Amino acid sequence: MSFTHTWMLHLLWILPVVLLAFIVESRKKDRVLAAFAKKDMIGRLTGEIHKGRRFIKQLALLIAYALMIFALAGPRWGIRFQEVSQKGVDIMLLVDVSPSMMVEDIKPNRLEQAKREIMDFLRVVQGDRVGLVAFSGAAFIQCPLTLDYSALEMFLSALEPDLIPVVGTDLGAAIDTGLSAFDFTSETDKVLLMITDGEDNENKGVESAQEAAQKGVKVFVFGIGDVSGGPIPVGDGKGGFKKDHEGKLVLSKLNEQGLRRIASLTGGAYVRSIAGDLDLDAIYFDGIRSKTDAQVLKGGKIKVYEERFVPFLLVAIVLLILEGLIWERKSLKPKNTTF
């Protein structure tokens, strides 16, 4: 036998205190009655104390208290095996790591805020397999689909602009790489979740989105950044910003029109980050979960211990009822009176 809440058994130390209280109370009653009248008079007025019955009443209470403590501790014995399954969808995160993601129109910068929001997203997902693709001018799978979110977080924390040496932003390559991570022989619904500032330098995003739509994959897009744009840090440690051949600052602007089209072509949704808040709960529950069907991703059997607190509780209740029915004084017998 084992217990679910073993610490509750420490309450058994209260029983000696309860027993002592019973003894003190009995003696106090006897002293009060002795001060009120003589013993034979008390017996004629209230009936004599039946010490055996008093002992049984007190013992019944002690055992009932003990059984209730055992019930609270959650006794278990006997096991059974229960079928369990984990349902979800396959989600590939496509994260833009191009230099434009270092723009500080969202503090501390677009990429860092995106990583923080994805960390929150991983705490929201419910049994979904999640993978990670990093992209700029090219795209690579950083973490395949997994239920181990802690492992994915390690890959996520390593995302930096210098991770991919090919400059630019190729949304088409990101979508194609995300599609390659799926197993299309399974019936699990598949979703691409892209976080980018939307500058599709290769102009292949729409073409790849059409291919995703043909395969039944929905693309949800988070546009991060300000539509008015911001200067792109050079990254040489000198604190400068990128300039064009005329010496003018190059501004990175959020291209919402292209991102909306990519999402709409696949039956997904576009959400723009506002002050860095990606509204992850809304896009997950109202978007991904509402537009997909969760399938069994993982199944098996687990060992379940049988809870056995009910017998202890029932016996305790019976003892409490019996204790209330037992009268500790002998019944008064009427004496014969001669007239």
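Read the figures in this text as sums done on the coordinates, not as results from a lab. Everything quoted here is computed from the prediction, not taken from an experiment. Note that we place each Cβ from the backbone using ideal geometry, even for glycine, and neighbour counts take in every protein chain shown.
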Exposure proxy order (Cβ contacts within 10 Å, fewest to most) of K190, K115, K29
K29, K115, K190
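Do any of K190/K215; K28/K51; K115/K215; K29/K51 go past 20 Å between their Cα atoms, and which? Write out the running numbers ahead of the final one.
On the way: K190/K215 9 Å; K28/K51 15 Å; K115/K215 28 Å; K29/K51 13 Å.
Check vs 20 Å cut-off fails for K115/K215.
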If you stretched the chain out fully between V310 and Q214, how much longer would it get, using 0.36 nm times the residue separation minus the C-alpha to C-alpha distance?
28.9 nm
Taking M194, M102 and counting other beta carbon atoms within 10 angstrom, the fewest-first order is M102, M194
Go through 172-181, 63-72 and give me the packing order, highest mean Cβ count within 10 Å leading.
172-181, 63-72
Would you mind putting 262-271, 217-226 in packing order, based on average other-beta-carbon counts within 10 Å, highest first?
217-226, 262-271
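Mind sorting F135, F140 by how few other Cβ atoms lie within 10 Å of their own Cβ, fewest first?
Sorted ascending by nearby Cβ count, the order is F140, F135.
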